[in-house]
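Data block below; observations after.
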Amino acid sequence: MNVPHERVRAQIEAILQSWGMAPDLLATTVEAMVETDLLGVDSHGISMLMTYEKRYRDGSLKLQAMPRIEKQTACTALVDGGAGLGHPVSAFGMNLAVDKAKEAGVGIVGVRNSHHFGAAGVYARIAARRGAIGMVTSATRGVTMVPTRGAAPVLGTNPLAFAAPAKRHPPFVLDMATTTTAAGKVKVYDLNDRQLPAGWVLDAKGQPVTDPKQGFDIVFNKPEGGLSPLGGTAEMASAKGYGLAMMVHILGGTLVGSSFSPIRNRTQKPGDPDDIGHFFMAIDPAAFRTPGDFENDLDDVIDVMHATPAADPSKPVLVAGDPEEAERQRRLRDGIPVPDSLDRLIRGICERSNAPYLLS
């Protein structure tokens, strides 16, 4: 079924309220989660509630935790997320980075002791809306990526997002996992009982898996096999994707002092926080250009890209961010798709949480 975004918003809010999330943190989280679903990133919006419920019930998720600045300079800051959900501290971190960029030209904010933050592109867009270039990276809790030449997963999907503001056009927004696909996409294919594209998930022998239930089991439950690095199974391309994932973890994990999943998982006890790290950078174009010149030039670049002759006239050339913006407009009009399997899971959360069921 397609559910109006207002109803999805109300449902997420009702569940988080029933768990006792602080009101100001709740508003930021709901906004980020609904925006993620509107953009078509179905793996990171309302479908994450099952994972969040598990963290809430095992005591590892602190829903009253307020972001706290531990140290800062004119252009940097380190923020403690207090073991809360990643959405509020990430919005706080990116806005703080933009504030610093407006004063110093560049702002960099690291976050430690956080949890899952949804889609990285949501926070990069915050910078673009405020007239800054934004970059976001994050460590992850899961260990899902099989490194080049490996047979067992070591890294997570380690996302990277970049956004830049234009004037006439929507911002350029690149939002990507450093695996061939995000782990949550495998969950979405399983929820919809759709065959996986070959090359997304590899078994313990490095062979592609296309059955969605087998793929879900490998990615989320098995110690061997997992997701291929960005670039697929070809060794040269795979090695670059694997290296990119390492770079993202260095910024979003090692630099800010958060844990590396394979090391943490050896000692993590029930109820211990995930200690995920995030990295937010903002650049003020006015530190380099006369105000407005950067945005005008980026508009011209986007115009050239859109005017490129298409190999298939029915499929015009797109720029990063175009598909998500088009999907957002469709979903604002037609609603957010919620498969029956996900709807049943949400009903179960509502029953366990004494929250009203509001999707239909």
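The values are calculated or read from the model by the stated rules, or taken from the named source; none is laboratory data. Here the structure is a predicted model, which is why all the values come from computation and not from measurement. All Cβ positions, even for glycine, are placed from backbone atoms using ideal geometry, and neighbour counts span all protein chains on display. Accessible surface areas use protein heavy atoms only, side chains included; no ligands, DNA or RNA. Shrake-Rupley method; radii C 1.70, N 1.55, O 1.52, S 1.80 Å.
Structural remarks
- Three-way shape call for segment 57-182 based on the alpha-carbon gyration tensor, with the a/c threshold at 1.5: oblate
- The listed residues Lys102, Lys71, Lys187 rank as Lys71, Lys102, Lys187 when sorted by accessible area, largest first, using a 1.4 Å probe.
- About the centre of its Cα atoms, the chain shows a dipole size close to 800 debye [charges on the beta carbon of Lys, Arg (+1) and Asp, Glu (-1) only; nearest 20 debye].
- When both bridge partners sit in the chain, DSSP labels roughly 85% of those beta bridges antiparallel.
- Extension gain for Ala27 to Ser314 (0.36 nm times residue separation, less C-alpha to C-alpha distance): 99.3 nm.
- For the residues Gly81, Gly131, Gly105, a GNM of the chain with alpha-carbon springs under 10 Å puts the largest fluctuation on Gly105.
- Identified option (computed mean projected area of the Cα convex hull in nm²; candidates (1) 23.5; (2) 18.1; (3) 19.7): (2)
- Tensor-based shape of segment 252-298 (alpha-carbon gyration tensor, a/c under 1.5 rounded, otherwise prolate or oblate): prolate
- Segment 158-233 - charge dipole about Cα centre, Lys and Arg +1 at Cβ, Asp and Glu -1, debye rounded to 20: 360
- Mean Cα-pair separation over length for the chain, i.e. relative contact order, pairs under 8 Å, 6 or more apart, %: 23
- On a per residue basis, segment 10-154 carries 33 Å² of accessible surface, using protein heavy atoms and a 1.4 Å probe.
- Across Lys54/Lys269; Lys54/Lys187; Lys62/Lys222, pairs whose alpha-carbon gap is larger than 22 Å: Lys62/Lys222
- Segment 244-357 shape via C-alpha gyration tensor axes, a/c threshold 1.5: oblate
- For the options Pro223, Pro159, Pro313, a Gaussian network treatment of the chain with springs between C-alpha atoms closer than 10 Å singles out Pro313 as fluctuating the most.
- Whole-number accessible area per residue in Å² for segment 180-332, which is evaluated in the context of all protein chains at 1.4 Å: 54
- Sites matching chymotrypsin sites (Phe, Trp or Tyr not before Pro) across segment 207-295 that sit in DSSP coil, with at most 12 neighbouring C-beta atoms within 10 Å: Phe288
- If you plug the beta carbon distance of Arg266 and Asp303 into 1/(1 + (r/R0)^6) with R0 = 51 Å, you get a FRET efficiency near 0.45.
- Summed residue charge, Cβ within 14 Å of Phe260's Cβ, Lys/Arg positive, Asp/Glu negative: +2
- Taking other residues whose beta carbon is less than 13 angstrom from the beta carbon of Tyr242, and scoring Lys, Arg as +1 and Asp, Glu as -1, yields +1.
- GNM on the chain, alpha-carbon springs under 10 angstrom: the most fluctuating residue among His278, His306, His87 is His306.
- Within the accessible area of the chain (1.4 Å probe), percent carbon and sulfur: 56
- Counting only Cβ charges, +1 for Lys and Arg and -1 for Asp and Glu, the dipole size of segment 1-71 around its Cα centre is about 300 debye.
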